[in-house]
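Enquirer: Input: one structure, supplied below.
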Amino acid sequence: MSVVANYGPLVGEALNEGVVNRSLKVICERGVSIVGVINMIKSLDVKAEDVDSVAAGPPGASRYDVVFKTADKLSAFLIRLKSDKVVFKLHKYVLSPMVARSLHFVFTGCQFL
């Protein structure tokens, strides 16, 4: 048996600015799993100890959040990137830091191994 919860976006004081400032939004093609996102991030020389968590957005949205341990680790990663677009194992990904004032709830999480 599984439990499914459906929440609206977080706005205003519900947002934890500390988490937002160290989060990377990953938008990918339909059908890419959270494991695919983790493998893509690993392929870009991100170490497991640099990442706090990886979470999937609303079902079917093909959006994932990668939360780094610190904002400095995220900044260092973004500086190393040559482009905000990445192709990994024939799938396209678009990476951007979270700057939006609203976030959708985390539907499911996966430990970065």
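Enquirer: Take Lys42 and Val19, extend 7 Å from each Cα along the Cα→Cβ direction, and tell me the distance between the two endpoints in nm.
Expert: 2.5
Enquirer: Order these peptides, 62-72, 48-58, by their mean beta-carbon neighbour count within 10 angstrom, highest first.
Expert: Values: 62-72: 18.4, 48-58: 16.8.
In decreasing order of mean packing, 62-72, 48-58 become 62-72, 48-58.
Values in this text are rule-based calculations from the coordinates and carry no lab data. For clarity, every value in this text was computed on a predicted model and none was experimentally measured. Cβ coordinates were reconstructed from backbone atoms using ideal geometry, including for glycine residues, and neighbour counts include every protein chain displayed.
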